[in-house]
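Below: the structure, in structure tokens.
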Amino acid sequence: MNYLINTQSNDIVEYDQDYYTLSKNLRTEHWRQATAQEVKPYLVEKHIPCIKQEAHTRITAIYPITKQLNLIYSQSFEQDAYRAMVTFIENIRMKSNALELKIAKYTVKQLETFDCSDDKHWAD
């Protein structure tokens, strides 16, 4: 993947054709190829919402919001089930936070191929 940065706004865009072909079809006076140092924060920020959504998906797959609410409401009667739910959710949230920190150390190449839904990121 290739990246352009707007020299006025610092916006970064991805493109999959060579720069010469792209420059024929795009007004390029305010655009230049982005460096890896400029692209890395862009890619990290792009993946964070995916990580958060994946955590949400994994939590609600086991504990849909109605089940969470029921366990919160009846926690005095179902202490073990309530504790199991809280532990599970805390575990997923810790993995999510750790994954956000981990990808900040990735290279651009690693970030380009990163898949937040891969089970290896969420395994115990």
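Out of the residues in the range 1-37 that are modelled with pLDDT of 75 or more and in a helix (DSSP H, G or I), which is surrounded by the fewest Cβ atoms within 10 Å (Cβ to Cβ)? Of everything passing the filter in the range 1-37, 37 is surrounded by the fewest Cβ atoms within 10 Å (Cβ to Cβ).
Test residue 71 against the stated conditions and say whether it is within 30 Å of residue 39 (Cα to Cα) and aliphatic (A, V, I, L, M). Considered against the rule, which asks whether it is within 30 Å of residue 39 (Cα to Cα) and aliphatic (A, V, I, L, M), residue 71 comes out as no.
The values are calculated or read from the model by the stated rules, or taken from the named source; none is laboratory data. This structure is a prediction, so every number in the text was calculated from the model and none was measured. Cβ sites come from the backbone with ideal geometry, for glycine too, and all protein chains shown count toward neighbours.
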